[in-house]
Each structure stands twice: as C-alpha cells, then as structure tokens.
Amino acid sequence: MSSTWLVVLIVGAGTVVCKAAGPVLLGGRTLPPQLAGIVDMLAPALLAALVVTQAVGGDRKLVFDERLFGIAAAIVAIRLRAPLLVIIAVAAGVTAFVRLIGA
Amino acid sequence: MTGSPSPYRAGARRAATIAPAVFVFGASFGLLAHSAGMGALASVVMSATTFAGSAQFAAVSVLSAAGSVGAAATAAVLLNARYVPIGISVASVLRGGPLRRFVEAQLVVDESWAFSRRRDGSFDRGLLIGAGLVLYTCWVLGTAAGAIGGEALGDPDSLGLDAAFAALFLALLVLQITSRRAVVAALVGGTIAFVLVPFTAPGIPIIAATAGCLVGWRKR
C-alpha cells in the first residue's frame, strides 16, 4: 500500500473514532473542564505550526522565498474579510507572479 | 426534538447558506491534494471518510513536504481531537443504538455543529443531521471537482499553490482565535515549529507544537 493511501486510511479511521467516541461511549456526560480547555487549544497551536512550516519550512532548513509575498497578500485579504477561496487565490496568484518576474 | 415539523429541512436550509463555500473549499482541497501528489481517488476517499477540512489539509501538507506517514497522520488526527469534546456535547441528542449513533456522529463538523446549537446552548438533532448531510455532499463533490480539475492544471509550484497552503491555514487560524488564551496557544505552537524546522524531519515540528495546547489548562 502506498504511503498516501496509508495516511488516508489512518486519518479516516482516527477521525471516525474521535467523532463517534462521545456519542457511542459516554452518552450525555461531558469532559472535565481542565481537559476540555486543553483540547480547545489544540487547533490554534497546530494551525499556527502549519502556517509556519508551510510559509518558511524547507528540507531541514528555513526557506524565505516568494511564498512570503503571497502570504503578505493573503493577510491583507483576510483583514478585508475576503472569502476563503479569494484568500487562497490571492496567495497563489501573488506567489506565482513574483516567481514569474523573479525568474 | 420539538419545534418545526421538519428540522432536517431547516438544518439543510441553514447549511445551504455556506454550501457553495464548502464546495469551493472541497475543490481547493482536491486541488492542493493533487499538487501534493495525491491521486484524485485518494483525495475523494479521504473527504468521504475524514470529512474535516483542516485535518485533511494538514495531512496532505506534511506528505507534500516529504514527511513520514506517522507524522502526517498524527498531525491530522490531533487536529481532529477536538471532535471528541464536540461529539460529547451532542451525545445526548443523538438517537438509537450504538451503530446508529456512530453513523449520525460522523455528520458532525464544526459548521453543522454550530448550526445545530440552540440559543440556550443545547443541540437540535434534526438541524445537525440536515445541515451535516448538505455539507457532506458539497465537501465530497467539491473535492472530486478540484482533484479532477487539478489534473488538468499542471505544475502546482508555478501556480503558487505552495503559498496557498500557508494562506489557508492562516485563514483557518484566524477563525480559531476567539480568546487571549488561543493567541498564546498559537504563538507557542508557531514558535516551537519555527525553532524545530531546521533540526527535525518534516512533520515533527507540527506534532511538537501541540504542546501549545497546554495553555488551555484551567485551574478548578
């Protein structure tokens, strides 16, 4: 099995289990508040790490390249409350443009 | 479960307001998955089984950075760990035996969950299922459209799609910043990743960054 399919399988199974755990096992009970607070903060911590690795991550090094122009443009789009697709398109378009004129 | 005669339809109607956005978001997943070297079928199967955007993007982004299977899967599953408490919050309104509850729980995503929340903080099963079905359909169809379109588009880097990943995660992050605590969690997570990138295999910085969630610990 290719590594791609293995990831599809593991992530799918893991997510299905996460979603079903409460309704199937616990009925109406809730998590203790300390634990719930930690789980709430998983998403911001992980997403920030993903921003960093996607923006400046390279193969075991930090790489500062044309992506940063695209991300700067995306920040403007986010501040203007643009729809998600516009944000993505702006980032890609600006990066591609800077790459084109820089080459 | 009282109120309107067809809560399913009411939920579907609420979800319809964001259905085009979900379709397009699904298409962007299909497109970026393609740019990361994932086949069209794999990305559609992933959307159909995982049905959670940010985790799917995370898995694909780690894979595209030549990260290991373990790192990609761990990052994605940890992102979906929030569905444990979210699932628990709706547990009491789902119906039937374990199998039916298991299936109904799969329709829970951030948006369907938000749509089904009543003013008093309780949840409406009909709204949840109606909204979930609409969002699920749009997500899977959108992924298929993006994956097939991506195969026609060609070289992803010349299109700037590598920067699109960062922009996407940034946009998703902004939605999660709802408290000062979340800002701190994001700063800690981002800093850990930045420091570790030069020293570890791809994917490891993301997993290590989950330590940022410890700022969520609340004293009694």
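Here are the numbers for this structure:
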read-out	value
Among (1) of a type in the set (A, V, I, L, M); (2) more than 21 Å from residue B:165 (Cβ to Cβ); (3) in contact with a helix residue (DSSP H, G or I) (Cβ under 7 Å, 6 or more places away or on another chain) - the single one residue B:99 does not satisfy	(3)
Breaking point among (1) within 21 Å of residue A:85 (Cβ to Cβ); (2) modelled with pLDDT of 90 or more, for residue B:54	(2)
Any chance residue B:146 is assigned to a helix (DSSP H, G or I) and either aromatic (Phe, Trp, Tyr) or within 30 Å of residue B:197 (Cβ to Cβ) (or both)	yes
Count of residues meeting criterion [more than 9 Å from every other protein chain (Cβ to nearest Cβ), more than 22 Å from residue B:54 (Cα to Cα), outside any helix (DSSP H, G or I) and of a type outside the set (A, V, I, L, M, F, W, C)] in the range B:91-131	9
Options B:182, B:147, B:193, B:186; residue that is within 20 Å of the chain's Cα centre (by Cα) and closer than 29 Å to residue B:39 by Cα	B:147
Tally of residues being among the aliphatic types (A, V, I, L, M), buried (at least 24 other Cβ atoms within 10 Å of the Cβ) and under 16 Å from residue B:172 (Cα atoms) across the range B:23-51	1
Residue in the range B:56-114 that is surrounded by the fewest Cβ atoms within 10 Å (Cβ to Cβ), counting only those that are under 15 Å from residue A:24 (Cβ atoms) and of a type in the set (Val, Ile, Thr)	B:103
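Okay, residues lined up against (1) part of a helix (DSSP H, G or I); (2) buried (at least 19 other Cβ atoms within 10 Å of the Cβ):
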position	(1), (2)
A:52	yes, yes
A:59	no, no
A:64	no, no
A:68	yes, no
A:73	yes, yes
A:76	yes, no
A:81	no, no
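The values are calculated or read from the model by the stated rules, or taken from the named source; none is laboratory data. Just so we're clear, the structure is a prediction, and the values are computed from it rather than from any experiment. In this analysis, Cβ positions are derived from the backbone assuming ideal geometry, glycine residues included, and neighbour counts consider all displayed protein chains.
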